[in-house]
Amino acid sequence: ASSWITIIWNHKNGQSFFPIFEKRNRSWFAWIFILGNEDEAARWESSIKIRDAEKKSQLEFCGPVFPIDMKGTEVMEKMKCLALSDKQVDMMKSEEGIQDEEMERGFNSKIIISYDVKLIEDEGF
């Protein structure tokens, strides 16, 4: 399994989020952890978009945010998160703009993923 935490993201409201992109077997998964418990996670929803470099294709997933103490394997096996096949990732990746330094470290392509969160509106009256 390969796992990448792309960034620790400090939201303007003070929350910290952890966007995840992980490969397991021949599938790729993306989701967002929050530095908080299940109740805090339930207040948020995520939007994850993957697009090709030419901006001709885009996949989007909207779903839950997960508490940081939940195992990634549980998210991938039982929860709702973005799941992609190797073929889908191959279709979306690009070799343009890869720096020499990145090539030397073994990176030969890139995929553009944007993560966003929003507070779920309080449905009380």
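Among Ser16, Ser46, Ser57, Ser2, which is of a type in the set (S, T, N, Q) and either at pLDDT 95 or above or buried (at least 16 other Cβ atoms within 10 Å of the Cβ) (or both)?
After applying the criteria, what remains is Ser46.
Go through the stretch 65-81 and count every residue that is within 13 Å of Ile20 (Cα to Cα) and not in a loop (DSSP other than H, G, I, E, B).
Matching residues across the stretch 65-81 total 6.
Every residue in the stretch 70-82 that is more than 25 Å from Ser94 (Cα to Cα) and in contact with a Gly (Cβ under 9 Å, 6 or more places away or on another chain), please.
Met79, Lys80, listed by residue number.
Can you tell me which residue in the stretch 82-106 is most open to solvent (accessible area, probe 1.4 Å), limited to those that are in a loop (DSSP other than H, G, I, E, B) and closer than 21 Å to Lys49 by Cα?
Start the filter on the stretch 82-106 by keeping residues that are in a loop (DSSP other than H, G, I, E, B), which leaves 93, 95-99, 105-106.
If we keep only those that are closer than 21 Å to Lys49 by Cα too, we end up with 93, 95-98.
Working: Lys93: 85, Glu95: 137, Glu96: 115, Gly97: 57, Ile98: 31 Å².
Ranking the qualifying residues of the stretch 82-106, first place goes to Glu95.
Here are Lys56, Lys118: which of them is in contact (Cβ under 8 Å) with a residue 60 or more places away in the chain, basic (Lys, Arg) and either farther than 18 Å from Lys23 by Cα or assigned to a loop (DSSP other than H, G, I, E, B) (or both)?
Lys118
Look at Glu121 and say whether it is modelled with pLDDT under 90, open to solvent by less than 100 Å² (accessible area, probe 1.4 Å) and acidic (Asp, Glu).
no
The values are calculated or read from the model by the stated rules, or taken from the named source; none is laboratory data. Because the structure is a prediction, the values reported are computed rather than measured. All Cβ positions, even for glycine, are placed from backbone atoms using ideal geometry, and neighbour counts span all protein chains on display. Areas reflect the complete protein model, heavy atoms only, side chains present, ligands, DNA and RNA absent. Shrake-Rupley method; radii C 1.70, N 1.55, O 1.52, S 1.80 Å.
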